[in-house]
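A short worksheet on the structure shown next.
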Amino acid sequence: MTTQITQSLSSEIASRAAAMYGGFDMGGLMMALPNPDAVLKKLGRDVEVYRDILNDPAIKGAVRRRRSSVVGLEYGLTQGNASDKTLNLCQQTLANINMRGLTRELHDAALYGYSPAEVYWSKGTGKSGGLWLPERVIGKPPEWFSFNHDNELCFRQLGNITGDAVPDMKFIMARNDATYANPYGVADLAAVYWSAVFRKGGLKFWLRFADKYGQAFIVGKHPRGTPDSEVNLILDSLETLAQDGVAAIPNDGSVEILEAAGKGATADMFERLLKYCRSEINIALLGQDQSTDSSSTNASAQAGLEVTDDIRDADGEMIAEAINTLLRYAVQLNIGDNEIMPTWSMWSDEDVTDKLATRDEKTTKGRRTTNESVFSTCL
């Protein structure tokens, strides 16, 4: 029996406008979807709060290494089944764009969850043949934007905090693990926010502890019944002794220097807290916690300078999706909607070299390599 196609099979049933969640009418709530980020909800702030922790040396270093690993990837177009005309248009689309700079801006999506970029289109003349091409593409702060109940990107204009949906083909956007339930994506800085706060607080108390217990205590002794005025003079002399190493003490008084014993365990506690927070930051942003401090081995120090391949490749795919959206817009504006698209992608040159080496090892195993086979493989 053939199933009859009905309207219900092609229309949306589970939508926010029709949903009841936790006893609340989702369709009757505010137009802008709130960001479900747990840290932002706790603080009552926007994603701009994450910019404050970028000054933490551990976070700044990890972000720089992660971003550099992506910016250093090779990139390019693969024609596939696309026509030469479509491929040529895509090449012209990318010709005037600073790809390294755009890659850096779109990579902010890994930190904040999403990163919109505005496309400035212009109609060319002369060699461009009147094509609509992007003159520039500029990343914009994510806190300027929100999403509505249709998961559309909205610009929050002055006097309109919910914002209006942006025009079609005007923006591209990179998003980190975005879903229907969370169009804002996942901000990796959320995973290190509290570690940064605890590091800052722990360092503050560690400095205070070091100032208090890092030097010996100087104790002045005076005979019983010494007037307060003379006691104050002795205290002043002890302060001078602590700072300058020189003091005048009465003949019947004495000075004793006491070392701060038993405080090493407390100092180690602060150090362990700071190292733990740094380890959590490295795990969240780099995918590994290999140390780069003075006590680490050379192997672990070298590993600590790297970003795991899966994180780097995922960041590259996230950026490639946004670039391919830009190319699709250009093709729709200049050719049509039904064109087969070439694919823009990012890859590591090391991965290609390893694959070729593995292939060559398998194909030449047990057989002699001729000059003809070498030239046919490499050229």
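The values are calculated or read from the model by the stated rules, or taken from the named source; none is laboratory data. What you see is a predicted model, and the numbers here were worked out from it, not measured in a lab. Using ideal geometry, Cβ is built from the backbone for each residue, glycine included, and neighbour counts are taken over all protein chains shown.
For segment 345-360, check the following and say yes or no: at least one residue is within 23 Å of G113 (Cβ to Cβ) and at pLDDT 95 or above. Give the steps one after another, and end with the answer.
Of segment 345-360, the ones within 23 Å of G113 (Cβ to Cβ) are 345-346.
Still in the running and at pLDDT 95 or above: 345-346.
Yes; the residues of segment 345-360 include at least one that is within 23 Å of G113 (Cβ to Cβ) and at pLDDT 95 or above.
Only residues that are in contact with a Phe, Trp or Tyr (Cβ under 8 Å, 6 or more places away or on another chain) and either of a type in the set (D, E) or within 27 Å of R51 (Cβ to Cβ) (or both): list them for segment 106-133, please.
L111, Y112, G113, Y114, P116, A117, E118, V119
Out of (1) part of a loop (DSSP other than H, G, I, E, B); (2) in contact (Cβ under 8 Å) with a residue 60 or more places away in the chain; (3) polar (S, T, N, Q), what's the single condition that is false for Q157?
Unmet for Q157, out of (1) part of a loop (DSSP other than H, G, I, E, B); (2) in contact (Cβ under 8 Å) with a residue 60 or more places away in the chain; (3) polar (S, T, N, Q): (2).
Return the only residue of I311, I319 being in a helix (DSSP H, G or I), in contact with a helix residue (DSSP H, G or I) (Cβ under 9 Å, 6 or more places away or on another chain) and modelled with pLDDT under 95. Lay out the reasoning, then the answer.
On the way: I319 fails: modelled with pLDDT under 95.
Of I311, I319, the one residue that is in a helix (DSSP H, G or I), in contact with a helix residue (DSSP H, G or I) (Cβ under 9 Å, 6 or more places away or on another chain) and modelled with pLDDT under 95 is I311.
When you scan segment 121-146, how many residues do you find that are closer than 18 Å to L106 by Cα, in contact with a Pro (Cβ under 9 Å, 6 or more places away or on another chain) and of a type in the set (A, V, I, L, M, F, W, C)? Talk me through it step by step, then tell me what you get.
So the first thing to find is which residues in segment 121-146 are closer than 18 Å to L106 by Cα, and the list is 134-146.
From what's left, in contact with a Pro (Cβ under 9 Å, 6 or more places away or on another chain): 139-142, 144-146.
After this cut, where a residue has to be of a type in the set (A, V, I, L, M, F, W, C) as well, the list is 144-145.
Looking only at that region, the number is 2.
Say whether the condition of being surrounded by fewer than 16 Cβ atoms within 10 Å (Cβ to Cβ) and not in a helix (DSSP H, G or I) is met by at least one residue in segment 107-117. Walk me through it before giving the result.
Kept after step one, since they are surrounded by fewer than 16 Cβ atoms within 10 Å (Cβ to Cβ), are these residues of segment 107-117: none.
No, that holds for no residue.
Here's the yes/no breakdown for (1) farther than 30 Å from T162 by Cβ; (2) in contact (Cβ under 8 Å) with a residue 40 or more places away in the chain; (3) outside the structural domain of R175 (by TED's automatic domain parsing):
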{"residue": "V63", "(1), (2), (3)": "yes, yes, no"}
{"residue": "L73", "(1), (2), (3)": "yes, yes, no"}
{"residue": "Q91", "(1), (2), (3)": "yes, no, no"}
{"residue": "G101", "(1), (2), (3)": "yes, no, no"}
{"residue": "G113", "(1), (2), (3)": "no, yes, no"}
{"residue": "Y120", "(1), (2), (3)": "no, no, no"}
{"residue": "G129", "(1), (2), (3)": "yes, no, no"}
{"residue": "P134", "(1), (2), (3)": "no, yes, no"}
